[in-house]
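Notes for the one structure printed next.
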Amino acid sequence: MAGVVVCHGSATVRERLVVTSIGVPSLAPVRAAATADELLALARRIAPTVVLLDAHLPGAGPAEAIRRLRAVAPSAAVVLLAGPEDGEALDRALALGARGFLAPDVGRAELAAVAAHVQASPVSSAPPGTAGVPHPASPLQESHAPRADAGVGSRPSEPTPVLTKREIEVLIGMSNGRSNAQIGQELFLSEDTVKTHARRLFRKLGASDRAQAVAIGLRRGIID
């Protein structure tokens with residue numbers, strides 16, 4: 001991946017998101033911008049894979065920032081940092097091709113799930129205006145309740161699933177944004193064997209895709 005740019009008008013929020021993003025290896029490098037102009041300047045140097053964008057971005061605003069970003073880095077996956085009251089800004093962002101939205105207090109597990117989701121479904125492979133629409137299986141969605149602290153796809157009272165060493169290695173590869181082929185190369189396994197391990201760990205975790213599996217793994221302490 002070509003990293004993430006955190007673009008937020010609040011220095012406090014921006015700094016917290018930078019620190020949180022640094023904890024997700026697959027999002028490296030992490031860069032920060034306070035305005036649309038700063039975002040575009042960074043994108044011109046190195047096009048980011050993911051942009052976390054303030055729904056209340058000062059100056060140009062999020063919609064104009066997305067339009068301008070598309071001309072500079074068309075493959076960047078934009079995720080709006082929005083709350084329940086930001087419906088209008090979210091609708092405009094999704095119409096312009098944003099992938100979805102997260103609460104500004106998003107945690108490390110959610111960001112890791114976003115990275116896995118984007119890696120599995122790059123912007124260039126999705127029709128504009130449709131790839132970003134949130135749905136229950138996606139980590140990119142509004143979180144009214146419960147918060148992700150309660151777990152993604154699991155409950156605190158449930159026993160931690162027991163994964164084999166190889167399944168954990170495959171899950172770690174997923175959390176770092178690796179494709180099945182890349183994981184196979186690192187572990188000296190065929191891609192079909194990696195897929196078999198993936199299917200088994202999905203079943204054990206109760207996950208429907210890579211993003212959800214990574215989020216559950218992080219929340220349950222299976223990977224870190």
State yes or no: is SER175 among the small types (Gly, Ala, Ser) and open to solvent by 20 Å² or more (accessible area, probe 1.4 Å)?
-> no
Would you check which residues across the stretch 1-53 are more than 14 Å from the chain's Cα centre (by Cα), open to solvent by 10 Å² or more (accessible area, probe 1.4 Å) and closer than 18 Å to ARG70 by Cβ and list them?
-> THR35, ASP37, GLU38, ALA41, LEU42, ARG44, ARG45, ILE46, ALA47
Might you let me know whether the stretch 73-82 holds any residue that is hydroxyl-bearing (Ser, Thr, Tyr) and in contact with a helix residue (DSSP H, G or I) (Cβ under 6 Å, 6 or more places away or on another chain)?
-> yes
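Each row is one residue, and each column tells you yes or no for (1) free of Cβ contacts under 8 Å to residues at least 12 places away in the same chain; (2) open to solvent by 10 Å² or more (accessible area, probe 1.4 Å).
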{"position": "ILE183", "(1), (2)": "no, no"}
{"position": "LEU187", "(1), (2)": "no, yes"}
{"position": "THR193", "(1), (2)": "yes, yes"}
{"position": "THR196", "(1), (2)": "yes, yes"}
{"position": "LEU201", "(1), (2)": "no, no"}
{"position": "SER208", "(1), (2)": "no, yes"}
Return the total of residues in the stretch 111-145 being modelled with pLDDT of 50 or more, in contact with a helix residue (DSSP H, G or I) (Cβ under 7 Å, 6 or more places away or on another chain) and open to solvent by less than 20 Å² (accessible area, probe 1.4 Å).
-> 6
Among the residues of the stretch 54-79, write down those that are closer than 14 Å to ALA43 by Cβ and in contact with a Ser or Thr (Cβ under 6 Å, 6 or more places away or on another chain).
-> SER75
Residue pairs qualifying under the 6 Å Cβ cut-off, at least six apart or on distinct chains, with the first in the stretch 46-74 being of a type in the set (Lys, Arg) and the second being crowded, with 16+ Cβ neighbours inside 10 Å and not in a loop (DSSP other than H, G, I, E, B), are ARG68/LEU40
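The values are calculated or read from the model by the stated rules, or taken from the named source; none is laboratory data. The model shown is predicted, which means the values in this text are computed figures rather than measured ones. Here the Cβ is made from the backbone with ideal geometry for all residues, glycine too, and neighbour counts use every protein chain on show. All accessible areas refer to the heavy atoms of the entire protein, side chains included, with ligands and DNA or RNA removed. Shrake-Rupley method; radii C 1.70, N 1.55, O 1.52, S 1.80 Å.
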